[in-house]
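S.K.: Dropping the structure in here first, questions after.
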Amino acid sequence: MNIVLLGAPGAGKGTQAQKLVAEYGLAHISTGDLLRAAVKAQSELGIKAKEYMDAGQLVPDQLVIDLVKERLSADDAKAGFILDGFPRNTAQAVTLDFELQNMGLKLDAALLVAVEPEVIVERLSSRRTCKECGYTAPAGTEICPNCSGEMYQRDDDKPETIRKRLDVYKNQTSPLIEYYKGHGILKEVNGDRPVDEVFADVKTLLSL
Ligand code: AP5
Ligand code: ZN
């Protein structure tokens, strides 16, 4: 099964992806995680991406598209994948359809995790992320439950940057809801409930 996760920053895309990966062994392709790894490694891409990420802006399409293409052709993506944080605008969505078609693949679902903006600022200001594997958990979690790595607060999880990211989502990413509705694959889950309740609905919606 090949899935795109849609939703505002902090809606819980990464959290639901972690659960889908644990239960169904799909490849988790998070462009945010891939970009943060490039920043950490201080690669040429990471150095370019950092200024956009710190400002809450989208990184230029071509940089992200190249990363995703490479990741989609890796062996573990053959058994199915979850794209988390990609596509982020219509140009990326059109490119994704084109690339998947070339690979003889298609998307089975675009799953929108819907949460109101007020909930988001609160969630993201108290989020901690694993330095090693990108696992996310609420504040108070100091050791990663997944790999025992150190948890930290992301540079872009500050209130003013969160607001900028929400603007970018509204203006550039939310039109993808209509895009995938038009393709007949949009599914929507109410993400403002306990994680396991959201996950139970996700499984029903995806017929898993
Ligand atoms: P990215 O890393 O993709 O960030 P994002 O989309 O802003 O999403 P988040 O990771 O912030 O949120 P999430 O929905 O995964 O929430 P989570 O599960 O962690 O992107 C970062 C930056 O990279 C972008 O700003 C951009 O610069 C760049 N970028 C990335 N992709 C790009 C692209 N395609 N094109 C261009 N640029 C790109 O949950 C949040 C918190 O809430 C956690 O603490 C979690 O424990 C908690 N939580 C989750 N679910 C629940 C629940 N049901 N109830 C209570 N708490 C919950
Ligand atoms: Zn970890």
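S.K.: Failed condition for residue 84, given (1) at pLDDT 95 or above; (2) surrounded by fewer than 18 Cβ atoms within 10 Å (Cβ to Cβ); (3) among the charged types (D, E, K, R); (4) within 11 Å of ligand 1 (Cβ to nearest atom), with all others met?
M.R.: It is condition (2) that residue 84 fails.
S.K.: Exactly one of these conditions fails for residue 119: (1) aliphatic (A, V, I, L, M); (2) within 16 Å of ligand 2 (Cβ to nearest atom); (3) surrounded by fewer than 20 Cβ atoms within 10 Å (Cβ to Cβ). Give me its number.
M.R.: It fails just one condition, (2).
S.K.: Now, a different point. Among residues belonging to segment 19-47 that are in contact with a Gly (Cβ under 9 Å, 6 or more places away or on another chain), within 16 Å of ligand 2 (Cβ to nearest atom) and not hydrophobic (A, V, I, L, M, F, W, C), point out the one that is farthest from residue 120 (Cα to Cα).
M.R.: Checking each candidate, the answer is 40.
S.K.: Given the residues 118, 70, which is the only one that is acidic (Asp, Glu) and closer than 21 Å to residue 162 by Cα? Walk me through how you get there before you give the answer.
M.R.: Working: 70 fails: closer than 21 Å to residue 162 by Cα.
The conditions single out 118.
S.K.: Could you tell me whether any residue of segment 161-169 is in contact (Cβ under 8 Å) with a residue 12 or more places away in the chain, touching an Asp or Glu at 6+ places or on another chain (Cβ under 8 Å) and open to solvent by 80 Å² or more (accessible area, probe 1.4 Å)?
M.R.: no
S.K.: Could you list, ordered by first residue, the pairs with Cβ atoms under 6 Å in which the first is in segment 114-129 and closer than 15 Å to residue 142 by Cα and the second is surrounded by 15 or more Cβ atoms within 10 Å (Cβ to Cβ), at least 6 apart or interchain?
M.R.: Partner pairs satisfying both residue conditions: 127/136; 127/157; 128/137; 128/141; 128/151; 129/136; 129/154.
S.K.: Sticking with this structure for a sec: Do you know which of the residues in segment 172-192 that are in a helix (DSSP H, G or I) and more than 17 Å from the chain's Cα centre (by Cα) is nearest to ligand 1 (Cβ to nearest atom)? Spell out how you get there, then give the answer.
M.R.: If we filter segment 172-192 for residues that are in a helix (DSSP H, G or I), which is where we start, we get 172-173, 175-182.
Restricting the remaining residues to those that are more than 17 Å from the chain's Cα centre (by Cα) gives 178-179, 181-182.
Numbers: 178: 18, 179: 14, 181: 20, 182: 20 Å.
The extreme case among them is 179.
The values are calculated or read from the model by the stated rules, or taken from the named source; none is laboratory data. From a predicted model like this one, the values you see are computed outputs, not experimental measurements. Every residue, glycine as well, gets a Cβ built from its backbone with ideal geometry; the counts of neighbours run over all protein chains shown. Protein only, heavy atoms only, side chains kept; ligands, DNA and RNA dropped before computing areas. Shrake-Rupley method; radii C 1.70, N 1.55, O 1.52, S 1.80 Å.
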